[in-house]
Structure formats: C-alpha cells, structure tokens
1. May I ask you to list the residues in the stretch 61-109 that are in a helix (DSSP H, G or I), open to solvent by less than 50 Å² (accessible area, probe 1.4 Å) and not hydrophobic (A, V, I, L, M, F, W, C)?
2. List pairs: first in the stretch 18-33 and under 16 Å from His106 (Cα atoms), second of a type in the set (Phe, Trp, Tyr) and assigned to a helix (DSSP H, G or I), Cβ under 6 Å, 6+ apart or cross-chain?
3. Take the residues in the stretch 38-60 that are touching a residue at least 24 places away in the same chain (Cβ under 8 Å) and farther than 18 Å from Asn127 by Cβ; name whichever of them is most open to solvent (accessible area, probe 1.4 Å).
4. Select from the stretch 113-128 the residues that are within 14 Å of Trp20 (Cα to Cα) and open to solvent by 40 Å² or more (accessible area, probe 1.4 Å) and write down the one among them that is modelled with the lowest pLDDT.
5. Cβ contacts < 6 Å: first residue polar (S, T, N, Q), restricted to the stretch 72-99; second residue open to solvent by less than 60 Å² (accessible area, probe 1.4 Å) and part of a helix (DSSP H, G or I), any location; separation 6+ or different chain. Result?
6. Tell me, please, whether a residue that is small (Gly, Ala, Ser), part of a helix (DSSP H, G or I) and modelled with pLDDT of 95 or more can be found in the stretch 27-38.
7. Scanning the stretch 26-52 for residues that are out of contact with any Ser or Thr (no Cβ under 9 Å at 6 or more places or on another chain) and among the hydroxyl-bearing types (Ser, Thr, Tyr), which turns out farthest from Glu119 (Cα to Cα)?
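The values are calculated or read from the model by the stated rules, or taken from the named source; none is laboratory data. None of these values were measured; they are calculated from a predicted model. Note that each Cβ is placed from the backbone with ideal geometry, even for glycine, and that neighbours are counted across all protein chains shown. Surface areas here come from the heavy atoms of the whole protein model, side chains and all, with no ligands, DNA or RNA. Shrake-Rupley method; radii C 1.70, N 1.55, O 1.52, S 1.80 Å.
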Amino acid sequence: MSGFLPGSGRFDFFASLFPWHERRFARRVSRELLKLYRIVAASHPGLHGRDLYRKIVIARTRADPEAAEALIDQAEESFAAWPVPRALTFCDVVHFIAVSEFLRSHGNSAWIHVNVGREVASQIPHNL
C-alpha cells in the first residue's frame, strides 16, 4: 500500500487522471483564506492591501514578517506585474498560496492540470 502515498509514482499517476482533486484543493484553500481574511480584517480594521495580506499570510503560514512579505512579492511578480502592471489583489495572494501549497504537498507533480486562478476567483470576491 505504500506505493500509493503522495509523492510516489503511482499516486502521482492516478492523481493526474483526476483534476477534480486539484480543483477541490484550490477551492478549499480559497475558502480557508477567505475565512481568515474576514477574521484578520475584523481584528485589524485599519489594515488594507499588502499590510492586511501580510497579517493573513503570517496567520496561515506562521512565517515571520520578512518571509510573508517575500511571499506577497512573489505573488505580485507572478500575477500583478506582467503583462500589464496592476495593483495586487487578495485573489492574487490566494492563487499563489494555493499553487505553492498544492505543489509542496504533491512533491513529484510536474505541473497543475487545472486553471487554479479560475477556481480561486470562484471563491474569492473580486473587491478584496
């Protein structure tokens, strides 16, 4: 049975046949981060944008402020800087976290088969 553990060749092969697993993972992470957003925003009503995102990343990942800022910078570089620079959104941060956590938890996955951005956008309000 150990051949079907995450990161094993057989597990990764079968997981790649079922993109619903990736969709479900992205939606779950999105819902968890939206709940955390609401909790942190209520606890810190004066925070907005990057400052609020940093608190959420710290709460989610238990990272120090510098590591949280680095993650936010990576999300901005990945989704808000190209092809046209725009303001970073919470959806961008959630998208980056969902992809990062999925790849980390599925060590041998070469890529993700679904549009994670679409799954995240279906769960996160556009005004955040």
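1. Listed by number, the residues that qualify are Glu69, Asp92, His95, Ser100, Glu101.
2. Phe25/Phe102
3. Checked the stretch 38-60; the qualifying residue most open to solvent (accessible area, probe 1.4 Å) is Arg60.
4. If we take residues in the stretch 113-128 being within 14 Å of Trp20 (Cα to Cα) and open to solvent by 40 Å² or more (accessible area, probe 1.4 Å), then His113 is modelled with the lowest pLDDT.
5. Ser78/Phe96
6. Scanning the stretch 27-38, I find at least one residue that is small (Gly, Ala, Ser), part of a helix (DSSP H, G or I) and modelled with pLDDT of 95 or more, so the answer is yes.
7. Among those that are out of contact with any Ser or Thr (no Cβ under 9 Å at 6 or more places or on another chain) and among the hydroxyl-bearing types (Ser, Thr, Tyr), it is Ser43.
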